[in-house]
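See below for the structure under consideration.
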Amino acid sequence: MLLYLQSSKLAMASSFTRMLGISQPQVSRGLKTLVECSLFKKEKIGKTWVYTIAKDKLALVQELTA
C-alpha cells in the first residue's frame with residue numbers, strides 16, 4: 001500500500017483490492033490502521049473516499065520503502 005501510494009499519490013480502496021488481490025474488508029481494515037497511525041490521510045471527493053500519504057510522514061514512508 002505504501003509503495004502504491006508513493007507512486008500514484010492518491011488511491012481509492014478499490015485500487016488496493018485490485019492491486020493486492022484481497023477482499024475489500026481486508027483492505028478497509030488495513031487502510032483504517034494506516035489512517036489511525038497517521039501515515040495515510042483520507043478525504044472524501046464526491047461520494048468516494050481517497051487516500052494519500054500524510055505530508056508530514058512522507059520522509060518516513062520514503063525511508064520505509066527504500
- All helices (runs of 4 or more DSSP H) inside the range 1-50 with 3 or more residues being more than 25 Å from Ala66 (Cβ to Cβ): 13-20, 24-36
- Task: Test Thr52 against the stated conditions and say whether it is touching a strand residue (DSSP E or B) at 6+ places or on another chain (Cβ under 8 Å) and of a type in the set (Val, Ile, Thr).
- Result: yes
- Item | In the range 40-66, the residues that are among the charged types (D, E, K, R) and either open to solvent by 70 Å² or more (accessible area, probe 1.4 Å) or closer than 11 Å to Ala11 by Cβ (or both) | Lys41, Lys42, Glu43, Lys44, Lys47, Lys55, Asp56, Glu63
- Filter pass, Thr48 being within 15 Å of Leu5 (Cα to Cα) and not hydrophobic (A, V, I, L, M, F, W, C): no
- Note on the structure: Subset of the range 31-66, residues among the small types (Gly, Ala, Ser) and under 13 Å from the mean Cα position of the chain (by Cα), comes to Ser38, Ala54
- Within the range 5-19, identify whether any single residue is on the phi > 0 side of the Ramachandran plot, in contact with a helix residue (DSSP H, G or I) (Cβ under 8 Å, 6 or more places away or on another chain) and either at pLDDT 90 or above or open to solvent by 70 Å² or more (accessible area, probe 1.4 Å) (or both), and answer yes or no. no
- Query: When both residues are 6+ apart or on different chains and their Cβ atoms are under 7 Å apart, which pairs have a first residue that lies in the range 49-66 and is polar (S, T, N, Q), and a second that is in a loop (DSSP other than H, G, I, E, B)?
  - Reply: Thr52/Lys9; Thr52/Leu10
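The values are calculated or read from the model by the stated rules, or taken from the named source; none is laboratory data. Everything numeric here is computed off the predicted structure, so don't read it as measured data. Because the Cβ atoms are built from the backbone with ideal geometry, glycine has one as well, and the counts that use them run over all protein chains shown. Calculation scope for accessible area: heavy atoms of the full protein, side chains included, ligands and nucleic acids excluded. Shrake-Rupley method; radii C 1.70, N 1.55, O 1.52, S 1.80 Å.
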